[in-house]
Amino acid sequence: MLDIAEEYVKNVEAIAPCPEVALDVLSMAHDPDCSIPVLSEKIEQDPGLTASMLRMANSAYFGHMKNITSVKDIVARLGMDAVKIIAITSASAGLFRAPQVAYALGRGELWRHSVAVAVLAKIIARHARASDTAAIYTAGLLHDVGKVILDQPLQLESYNRDENDGQTGLLTLERRLLHTDHAEVGMALLVKWGLPEAVFVPVGLHHDLTRPQAKNMDVKIIYLANRLVHLRQYGADDSEDFFFDVPAYEGMKEGLPEVPNFANNLRLIFEEFADKYHDAVAVFTL
């Protein structure tokens, strides 16, 4: 199915324009030889990205540091990992803004879910002492990017074949109608964009732990974070307030992958997630 996934992203610029500067920044930030002035100059080529990054850098997510007034300040004071997080979060807000009709997601819903998975995955990764929490955050944020690509084809095929009965699982429906799924298409897109394996492999396997690479901790973390966020319950006003469906978690935890220090720190992880998630989504108005 990977060949089919690659076909869907062949002309992706018309569907999901590549956030070129942000992706260059991610690549440069992974390069240990990249200097702060060179990285700052690249970011400043995109005024919108610069403004969004400054807004997030000064937000509660990073502790309201304030007085961060330039890109050089972001890099120097918050570090390369923060630059990766801020750049990809800022660039992705627009990409995930639109409703995804085939997936019954309203405006901004895919964005909020993606941010939730990214934030939770990063916290889980830190407790598990994972080596690259920024890559895990990026994979969490982009894990459902394939839905942006497949939304229109899935709508069209569902309508033509009258097969979306509301009961068939989305992965099953994707594979039946499109002969691929959003995880594979997302992975193909990130490969096309030149993101590292530490990002695109967890995206491609976030619904599948049967493959050999699923033994990697980063894959397990993204899978776990996504499953947990799907247990998230919204308040009556559908705001950013939420609570976890603990009984549902207790019923499904035997089928979840084991991640170091997760079970023993569950309460702390969820409490930190509640604060960090709210701070992250508050930065962007969709």
| task | Only residues that are in a helix (DSSP H, G or I) and at pLDDT below 65: list them for segment 153-171, please. | result | Arg161
| query | Counting only residues that are small (Gly, Ala, Ser), crowded, with 17+ Cβ neighbours inside 10 Å and either at pLDDT 85 or above or not in a helix (DSSP H, G or I) (or both), how many does segment 16-39 have? | reply | 1
| Looking at (1) more than 25 Å from Ser52 (Cα to Cα); (2) at pLDDT 90 or above; (3) buried (at least 24 other Cβ atoms within 10 Å of the Cβ), which is the only condition Glu174 fails? | (2)
| Tally of residues being assigned to a loop (DSSP other than H, G, I, E, B), touching a helix residue (DSSP H, G or I) at 6+ places or on another chain (Cβ under 8 Å) and either among the charged types (D, E, K, R) or crowded, with 19+ Cβ neighbours inside 10 Å (or both) across segment 95-109 | 2
| said: Exactly one condition in (1) modelled with pLDDT under 85; (2) surrounded by 15 or more Cβ atoms within 10 Å (Cβ to Cβ); (3) among the hydroxyl-bearing types (Ser, Thr, Tyr) is false for Tyr223; which is it? | reply: (1)
| message | Condition (residue is crowded, with 24+ Cβ neighbours inside 10 Å and modelled with pLDDT of 90 or more) applied to segment 209-217: is it met by at least one residue? | response | no
| request: For segment 139-152, indicate whether the set of residues that are surrounded by fewer than 19 Cβ atoms within 10 Å (Cβ to Cβ) and either in contact (Cβ under 8 Å) with a residue 24 or more places away in the chain or not in a loop (DSSP other than H, G, I, E, B) (or both) is non-empty. | output: yes
| task | Considering (1) of a type in the set (S, T, N, Q); (2) under 22 Å from Trp193 (Cβ atoms); (3) at pLDDT 85 or above, say which one Ser92 fails and leave the rest. | result | (3)
| said: For Arg112, only one of the following conditions fails: (1) surrounded by fewer than 19 Cβ atoms within 10 Å (Cβ to Cβ); (2) under 13 Å from Phe284 (Cα atoms); (3) not hydroxyl-bearing (Ser, Thr, Tyr). What is its number? | reply: (1)
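Identify, from the list Ala130, Ala91, Ala118, Ala125, the residue that is among the small types (Gly, Ala, Ser), within 24 Å of Asn216 (Cβ to Cβ) and within 13 Å of the chain's Cα centre (by Cα). Explain how you work it out, then say what you get.
Values: Ala130 fails: within 13 Å of the chain's Cα centre (by Cα); Ala91 fails: within 24 Å of Asn216 (Cβ to Cβ); Ala125 fails: within 13 Å of the chain's Cα centre (by Cα).
Selected residue: Ala118, the only one of Ala130, Ala91, Ala118, Ala125 that is among the small types (Gly, Ala, Ser), within 24 Å of Asn216 (Cβ to Cβ) and within 13 Å of the chain's Cα centre (by Cα).
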| note | Exception for Leu78 within (1) within 18 Å of Gly140 (Cα to Cα); (2) without any contact (Cβ under 8 Å) to a residue 40 or more places away in the chain; (3) touching a Phe, Trp or Tyr at 6+ places or on another chain (Cβ under 7 Å); (4) not small (Gly, Ala, Ser) falls at (1)
| remark: Sole miss for Ile123 among (1) modelled with pLDDT of 90 or more; (2) in contact with an Asp or Glu (Cβ under 6 Å, 6 or more places away or on another chain); (3) under 22 Å from Met187 (Cα atoms) is condition (3)
| Considering only residues of segment 181-207 that are assigned to a loop (DSSP other than H, G, I, E, B) and at pLDDT 90 or above, which is farthest from Val117 (Cα to Cα)? | Asp181
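The values are calculated or read from the model by the stated rules, or taken from the named source; none is laboratory data. It should be emphasised that the depicted structure is a prediction, and the values quoted were computed from it without experimental measurement. Reconstructed Cβ throughout: ideal geometry from the backbone, glycine too, with neighbour counts over all protein chains shown.
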